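Note sheet for the following structure.
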Amino acid sequence: MRSILVAAASILWATSAQSVAAEPAQVSSNAPCLLNFGATGPQTTDDRVNKVWSTIDHIVSTSITSILTGDGYAVRHHEGTAQGHDQRLAEAIEQMHETGCAKALQVGRNWHNHDGIMDLSFAVLIFHVDAQRKGASTQYSVAGDYSKTYDFHLDKEQLGALSPSAIAKQIATDIEASKVLEPMKVASAPATEH
């Protein structure tokens, strides 16, 4: 566990100077938008490890928002705080309603350490919510619009060189290439360097 903490801390140190700065697209209040609901992953029993992973998740998530807004997409950022799948989904639906965003982005992170090799994955999902009135209540169902998983098999040296900002750049590039966000393009912003 200690080697994971040291390697993850070195990732944070290496990427702290690599923040992605982009001028956000001008978003009108009635434009369709994407709600970036943040990145999340499993918790451990070690609070130090959880804090490192939380920071990595934050870097990935905010970098994706920065890249997409810099490229002219209407993106609202909200770091989800609810724990558990059903609670996070309920919070995402509430935030989509409050922001008027038609789609949401969730990045899930998972990792397993075995024999000195870390299997790390980021699962990206863009979804929308369909609402159906049934009498006095409303039932919600989630429909996926885009998904992709990024798998990394890393030894200690490779883990130390892994860049959350680079992962975010690849995720944003792939999302843009999929054209799923074309309705959220609000400005002809110059493309950011990926």
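The values are calculated or read from the model by the stated rules, or taken from the named source; none is laboratory data. Owing to the predicted nature of the structure, the values given are computational and were not obtained by experimental measurement. Methodologically, a virtual Cβ is constructed for each residue, glycine included, from the backbone with ideal geometry; neighbour enumeration extends over all protein chains shown.
Residues being modelled with pLDDT of 95 or more and of a type in the set (S, T, N, Q): count how many of those fall in the range 138-153. Going through the range 138-153 one residue at a time, the tally reaches 2.
Looking only at residues in the range 174-194 that are surrounded by fewer than 16 Cβ atoms within 10 Å (Cβ to Cβ) and among the hydroxyl-bearing types (Ser, Thr, Tyr), the one that is modelled with the highest pLDDT is SER178. Taken over the range 114-139, residues that are in contact (Cβ under 8 Å) with a residue 40 or more places away in the chain and surrounded by 12 or more Cβ atoms within 10 Å (Cβ to Cβ) amount to 5. Across the range 96-142, the number of residues qualifying as closer than 26 Å to ILE167 by Cβ and not aromatic (Phe, Trp, Tyr) comes to 28. LYS51 satisfies every condition listed in (1) touching a strand residue (DSSP E or B) at 6+ places or on another chain (Cβ under 8 Å); (2) surrounded by fewer than 17 Cβ atoms within 10 Å (Cβ to Cβ); (3) part of a helix (DSSP H, G or I); (4) not polar (S, T, N, Q) except (1). Here GLY72 fulfils each of the conditions (1) closer than 19 Å to GLU182 by Cα; (2) of a type in the set (Gly, Ala, Ser); (3) touching a Phe, Trp or Tyr at 6+ places or on another chain (Cβ under 9 Å) apart from (3).
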